[in-house]
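Structure record follows, encoded as C-alpha cells.
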Amino acid sequence: MSNKFISIIKIGLIGFVFFFFTQVKSQNIIAYNDNRGYFNIFDNGTTTVAAYQPPQSFQVGGNCVAFVDFGNSLKVYYKGEISTLYDGIPTKYQATHNLVVFDIGGVIKVFDKGKVISLSGYTTSYQVGDSLVAFIDQISGTFKVYYNGAFQTIEDFHQTQMILEYQASNNTLAYLTYLREFKIFWNGNGYNLFKLANNSSQIQYQTGSNIVSFTSNNILGLTVFYKGSIFNVSNKQVTNYQTGDDMVAYTDAGGMHVFYAGKNYDLNGFAPDFYQVADSMLIYYMPGYFSVFNKGKSSVLANFMPSEYAIDNNTLTYVDLQGGLNAFYNNETYQLSTFDKLIGFKLTGNAVWYSTATVYNKVFLRGKTFGTD
C-alpha cells in the first residue's frame, strides 16, 4: 500500500503556544507540548506529564506513544507507564496501531504489548505494518514475518535464493521471489498465487489491509486478492488504481469504480479530474462535485475542490471557500469553524486539532469537540 496520504497546509501556530497532538485510530490518546514546554500525554481522561522539556520527536500509535526525549533516549508511554526502550537515538523508529518498531544500526526490535522483542540481529531491509513486520534476516538467510507475537519463516534463501521485491501494509504482505513466484501472506497464512511466465512478464501490485490489487502485462484488467479470495474486478485496460484498507479505486474505459469489502461499485461513467484513496476512504472531484466514498456510500460534500484538506483513518477535513474548517466523519459533516480566522489544523487518526484567532486549541473527535487549554 502507498503510504498514508495527508495533504495539509503548513501550520502557523499562535505566538506563545507551541502545540502538537496526535490521536490514535481507536483509543483516546493524545500527545502535545503545552505553552510551558511540557510534553503531555492525554489517555482516556488522564493527563500525564511525560517530560518537562519538549521531546526531539514523537509518534503516537494505537496503544502507546513513542518519543526521543531531550536526553537522547527512546522512550515509550504504555498503559500509564513510561519506560526506556533504548539509551540513545535510534536510526529509525515507527509507531503503528499495535507496535513500535525501532532500528539500531540494522538491529531491529519491536515493542509489542509491553515487551521488547529482538526481530533481527542484522537486516538492511524491512517493512512495517500495523500488525506485522516483514524483514530479510541476513544472519539466517531467511525472509521472515513477525505477526501476532510470533515469527514465521516464509522463504528460505537456500531454496529461493532471494526476494526480488515486497510490500507490507497493516496485516498483509505481497512479494515476488527469485523464481518469479507471486505470493501473499495474509492473516497468518501464505498464498502462492502464480508464477510469471518469463522474464519479460511484469507485475504491478499494491497492498492494504486485507487486500492486494495487481495488474500484469500478460493479463488484461485488474485483479484483487481480498481475504483469501480472488476477484477479477475489471476486464478492461485499467488506466489508474489506488489501494487502501479493504478497498481499491480504479479507472478504466467504463469510468470510475471502487471495489470495497468484496463488492464492486460503479461511481461514474467517466474518470474524475482527481481522486485519492487513504485508508478506507476515497475522495474524488469532477467539475462542480467534490465527493467522498466511505463505508459503501458516496456523498457530495461541496461544489468546489478544496485546496486545503487532510485524510486519515475514516475522517476527512477540508477548508471551505469562506475559510471555515469542516470535518466529515461516519457519513456526517461537521462545521468546526466559520468566520473565526483559522490559524491551522492537523488531522491524525480520527482526531482534528485546530486553532483559530480566538480559540487556541480544540480537538474534534468522532463527532464531539473538546477544549484542550
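The values are calculated or read from the model by the stated rules, or taken from the named source; none is laboratory data. Note that this is a predicted model, so its numbers are computed, not measured. Cβ placement follows ideal geometry from the backbone for every residue including glycine, while neighbour counts extend to all protein chains displayed. To get the accessible areas, we keep the full protein, side chains included, count just its heavy atoms, and leave off ligands, DNA and RNA. Shrake-Rupley method; radii C 1.70, N 1.55, O 1.52, S 1.80 Å.
Using only the heavy atoms of the protein chains and a 1.4 Å probe, how would Glu165, Glu81 rank by accessible area, largest first?
Sorted descending by solvent-accessible area, the residues read Glu81, Glu165.
Give me the number: length gained by fully extending Thr153 to Asn198, i.e. 0.36 nm times residue separation minus the C-alpha to C-alpha distance, one decimal in nm.
13.5 nm
Rounded to the nearest 20 Debye, what is the dipole magnitude of the stretch 178-323 about its Cα centre when Lys and Arg each give +1 and Asp and Glu each give -1 at the C-beta?
Using Cβ point charges on Lys, Arg, Asp and Glu, the stretch 178-323 gives about 600 debye.
Under the √(5λ) rule applied to the eigenvalues of the Cα gyration tensor, what semi-axes describe the equivalent ellipsoid of the stretch 130-175? Give them in Å, descending.
Square roots of five times the eigenvalues give 18, 12, 7 Å.
Gaussian network model of the chain, Cα springs within a sub-10 Å range: biggest mean-square fluctuation belongs to which of Ser337, Ser216, Ser229?
Its mean-square fluctuation being the largest, the pick is Ser229.
Rounded to the nearest 10 Å², what accessible area does Lys346 have for a 1.4 Å probe in the complete protein model?
Result for Lys346: roughly 70 Å² accessible.
Would you mind checking the radius of gyration and Dmax of the stretch 145-242 based on alpha-carbon positions, in Å?
Cα only, the stretch 145-242: 13.6, 41 Å (Rg, Dmax).
Just by accessible area at a 1.4 angstrom probe, what is the order of Tyr166, Tyr146, Tyr191 from largest to smallest?
Listed by decreasing accessible area, they come as Tyr191, Tyr166, Tyr146.
Which pairs in the list Lys92/Lys341; Lys236/Lys297; Lys144/Lys346; Lys295/Lys341; Lys295/Lys346; Lys92/Lys144 are over 26 Å apart, alpha-carbon to alpha-carbon?
Over 26 Å apart, Cα to Cα: Lys92/Lys341; Lys144/Lys346; Lys295/Lys341.
Percent relative contact order of the stretch 120-181, based on C-alpha pairs within less than 8 angstrom and at least six residues apart?
About 28 percent, as a whole number.
Tell me what the chain gives for mean residue ellipticity at 222 nm when only DSSP H runs of n ≥ 4 count, each as -39,500 (n - 2.57), the sum divided by the residue total, rounded to 500 deg cm²/dmol.
For the chain, the value works out to 0 deg cm²/dmol.
At 0.36 nm per residue, minus the direct Cα-Cα distance, what do Thr48 and Ile89 gain on full extension? Give it in nm, one decimal, please.
12.5 nm
Taking the Cα centre of the stretch 305-373 as origin, work out the dipole magnitude from +1 charges on Lys and Arg Cβ and -1 charges on Asp and Glu Cβ, in debye rounded to 20.
For the stretch 305-373, the charge dipole is close to 140 debye.
Using the Karplus curve 6.51 cos²θ - 1.76 cosθ + 1.60 with θ = phi - 60°, what ³J(HN,Hα) values do you get for each residue of the stretch 110-121, in whole Hz, with x for Gly and Pro?
10, 9, 9, 6, x, 10, 9, 10, 7, 8, 8, x
Would you please give the FRET efficiency between Ala357 and Leu321, computed as 1/(1 + (r/R0)^6) with r the Cβ-Cβ distance and R0 = 25 Å, to the nearest 0.05?
Efficiency, rounded to the nearest 0.05: 0.85.
For the stretch 189-315, which whole percent of the accessible surface, found with a 1.4 angstrom probe, sits on carbon and sulfur atoms?
The value for the stretch 189-315 is 45 percent carbon and sulfur by accessible area.
So how strong a dipole does the chain carry about its Cα centre when Lys and Arg Cβ are +1 and Asp and Glu Cβ are -1, to the nearest 20 debye?
Rounded to the nearest 20 debye, it is 260 debye.
For the stretch 28-113, restrict the atom set to alpha-carbon positions and state the Rg and Dmax in Å.
According to the Cα coordinates of the stretch 28-113, Rg and Dmax are 12.2, 38 Å.
So how compact is the stretch 301-373: Cα radius of gyration and Dmax in angstrom?
Spelled out, the Cα radius of gyration and Dmax of the stretch 301-373 are 11.2, 35 Å.
Distances over 28 Å make up what percent of all Cα-Cα pairs in the chain?
51 percent
Quick one: divide the alpha-carbon radius of gyration of the stretch 250-341 by 2.2 N^0.38 Å and tell me what you get.
That works out to 1.10 for the stretch 250-341.
Using the heavy atoms of the protein chains alone and a 1.4 angstrom probe, what is the accessible area of the chain per residue in square angstrom?
Ligands and nucleic acids excluded, the result is 44 Å² per residue.
Taking a temperature of 37 °C and a viscosity of 0.692 mPa s, what whole-number D in µm²/s does Stokes-Einstein yield for the stretch 236-300 with Rh from Kirkwood over alpha carbon pairs?
Result for D is 285 µm²/s.
Normalised radius of gyration for the stretch 200-310, please: alpha carbon Rg relative to 2.2 N^0.38 Å, two decimal places.
For the stretch 200-310, the normalised Cα radius of gyration comes out at 1.05.
Report the FRET efficiency, 1/(1 + (r/R0)^6), for Asn331 and Lys236, where r is their Cβ-Cβ distance and R0 is 35 Å, rounded to 0.05.
0.70
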